[in-house]
Amino acid sequence: MPPTWMLVVALVGLGGALLFWCYMALVLFAPVPREPRRSEKQYITVLPNGDRSDPKELPCWIDKWTAEKEVSKKRTGGKRRETLAKIALEQPELFMSVVVPAYNEEERLTGMLEEAVDYLQQEYAGKGWEIILVSDGSTDKTVDKALQFAREHQLSNHRKSVSGPWKDHLKHEQRIPEGSIRIVELEANRGKGGAVTHGLRHVRGQYVVFADADGASRFSDLGKLVEGCKKVEDNRGRGVAIGSRAHLVGSEAVVKRSKLRNFLMHSFHLLLRLMTPPATAAIADTQCGFKLFSRPALPYIVPYMHSEGWIFDVEMLMLAESGKIPMVEVAIGWKEVLGSKLNVIWDSLGMAWGLAVLRAAWLTGVYKRD
């Protein structure tokens, strides 16, 4: 039998080799977002005469911010926190930006847009608003539907009786501003996270919210998110407000779900509490597709996003936490809307795997802030 010290050395060597190969596997499998393509940095909208515009260049705050960051890093010797604090972000051009990721949403999109425009016009017509619809490689008529909606609401007062998921017989008495609905077409499907992150790179608002195209979240609760964000913003104006459905657990909308879906939901929440840092783990509902960011918070989150699938919300919150950005949960109205593209079993397993890879990549330095 070999001496004890030889066994110890062998075990340590095997352990080291195992850790090395695990790290290499993580480097290999951890998602790396692709760079935006040329056409994806453009948008189309509706012209004053109702025609579809030619592609126009999208404003991109992150390009200028990244260039200034590199200059500032040289001045500060690479001290990241000092660097970020000193970079001046482009001033907002309007008050509210809404990013809507959409993949084959021709059937559900119009109702959501009706309710969004109804609220935005009532609350922010004087301050300015925009909707950036990011078509995530759609193969149906999502883009045509969005253009048709913009044309109808831009050229007339649109007094037709149209319903959304939450409101019936919506009639808009005002025309929407020219070019307030901008449509970005991704050449290939990236996933919801990729579409949202891409939209966030091009917003012009003081506040930015992303909202699902199905209209499941009550859009009129946007004001509650703004007020919640304002209350927690730090001295740099950074804040995140998270639309939450946690108060609906036990309600009829949740109880009617299948036992399997509820089991998977509770299992995922348990994984989140075990695998994420404290502030993120304390959030009762990380997956609601209705989150709002103040503009100064964006540079601490958007440039460092990697996840492009369903788990992207968690990475956003983890980045906000690591950047010491105040976060607040705000209860909102929510309902099931037919046509969900979520595969309960496979997507739940994918989210669990994605969470494990995400957390490991950040802990081991595979992902890092530069």
Among 184-193, 310-319, the order from most to least packed when residues are scored by Cβ within 10 Å on average = 310-319, 184-193
message = Sort 217-226, 173-182, 26-35 by packing, meaning the average of other beta carbons within 10 Å per residue, with the highest value first.
response = 217-226, 173-182, 26-35
query = Which value results for Rg/Rh of the range 24-70 when Rg is the Cα radius of gyration and Rh the Kirkwood radius based on the inverse mean 1/r?
reply = 1.22
task = Run the accessible area of the range 144-227 with a 1.4 Å probe and give the carbon-and-sulfur part as a rounded percent.
result = 41
ask   = Mind ordering 237-246, 87-96, 296-305 by average Cβ neighbours within 10 Å, highest first?
value = 237-246, 296-305, 87-96
Neighbourhood net charge (11 Å Cβ-Cβ; Lys/Arg +1, Asp/Glu -1) for P92 = 0
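Considering only protein heavy atoms, what per residue accessible area in square angstrom results for the range 164-211 with a 1.4 angstrom probe?
Roughly 37 Å² per residue, with all protein chains present.
The values are calculated or read from the model by the stated rules, or taken from the named source; none is laboratory data. Remember, it's a predicted structure, so these values are computed and weren't measured experimentally. Please note: Cβ atoms are built from the backbone with ideal geometry, for glycine as well, and neighbour counts cover all protein chains shown. The accessibility values were calculated without ligands, DNA or RNA, using every heavy atom of the protein model including side chains. Shrake-Rupley method; radii C 1.70, N 1.55, O 1.52, S 1.80 Å.
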